Amino acid sequence: VSTSASQGSEVVAVLGADGAVVGQAPSLTVEQVLDLYRSMLRVRAVDAKAAELVAAGRIHAHADSRAVEAAVVGSAFAARQRDWLFPARRELGALLLRGCPLSAYFGHLLGNAADPGKGRQLPEGWSYRDGNIACVGALPGAHLGHAAGFAWAAKINREAIAVLAYLSQDEADSADFHNSLNFAGVFNLPVVWLCRATGPSAAGEHVAGKGIAYGV
């Protein structure tokens, strides 16, 4: 994000990796931009601490959010508070942005009394109902069908909400991905699929092309 001293606190451009302007200026204040940046730093700090706990054998596993925190935090910020998020495994930034206390998150990782799920969930199977965040699925891609079904129910009930479902490039090869997008395309559901394309740009374009094929 680029800011201009001559224009005070207005954000004036969104820059790509090559420094070129890639979009119109968002209606964000500098303070909002700084808050988003702090959110990404918080994700990295939590990742670092969780990695220490894994190395020490105190927790079973932790999905690292590095390299995807900007996409996750930015998209979660763009969604309305009443919209529901369906995470994969690397959406810690969305969880924290929606207000989940760090004590609750680490309580889940450690399986202690601070865990809102009372230790009933698998490691990394976190959720945050108060923030409208569904549970992380145990199987890659399984949550995509849940997201489509939730969006279908919202449409039937005429609820003014949308669903944001995250996935990785690997999950785009699953049967659940194809079934979910086909279902969403047929019924014109209020759901957004966000693929974290961490590989070559061609891979991300390939996933986007599948969405077009299904009418999403």
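Things worth noting here:
- Rounded to 5, percent antiparallel among DSSP beta bridges of the chain: 40
- Once the mean of 1/r is taken over each pair of separate Cα atoms and inverted, segment 96-155 shows a Kirkwood hydrodynamic radius of 12.4 Å.
- Long-range HN-HN contacts of Val192 with modeled amide H, under 5 Å: Val163, Leu164, Ala165
- Burial ranking of peptide ranges 42-51, 118-127, 187-196 (average Cβ count within 10 Å, highest at the top): 187-196, 42-51, 118-127
- The overall shape of segment 27-154 is oblate: from the C-alpha gyration tensor, with semi-axes ordered a ≥ b ≥ c, the ratio a/c is 1.5 or greater and a/b is no larger than b/c.
- With all protein chains in place and a 1.4 Å probe, the accessible surface of segment 70-170 carries 57 percent carbon and sulfur.
- Selected from Gly137, Gly117, Gly57 as most flexible by GNM, with the chain as the system and alpha-carbon contacts under 10 Å: Gly57
- Peptides 173-180, 152-159, 86-93 ranked from most to least packed by the mean count of surrounding Cβ atoms within 10 Å: 86-93, 173-180, 152-159.
- Here segment 74-159 is treated with +1 on each Lys and Arg Cβ and -1 on each Asp and Glu Cβ, and its dipole about the Cα centre works out to around 180 debye.
- Net charge dipole size for the chain [Lys, Arg +1 and Asp, Glu -1 on Cβ; Debye, nearest 20]: 520
- Relative packing of 143-149, 99-105, which averages over residues the other C-beta atoms within 10 Å, highest first: 143-149, 99-105
- Dipole check for segment 18-75: with +1 at the C-beta of Lys and Arg, -1 at the C-beta of Asp and Glu, and the Cα centre as origin, the magnitude is about 220 Debye.
The values are calculated or read from the model by the stated rules, or taken from the named source; none is laboratory data. Worth saying up front: this structure is predicted, and the values here are computed from it rather than measured. Using ideal geometry, Cβ is built from the backbone for each residue, glycine included, and neighbour counts are taken over all protein chains shown. Side chains are part of the model used for accessible areas, which takes the heavy atoms of the whole protein and leaves out ligands, DNA and RNA. Shrake-Rupley method; radii C 1.70, N 1.55, O 1.52, S 1.80 Å.
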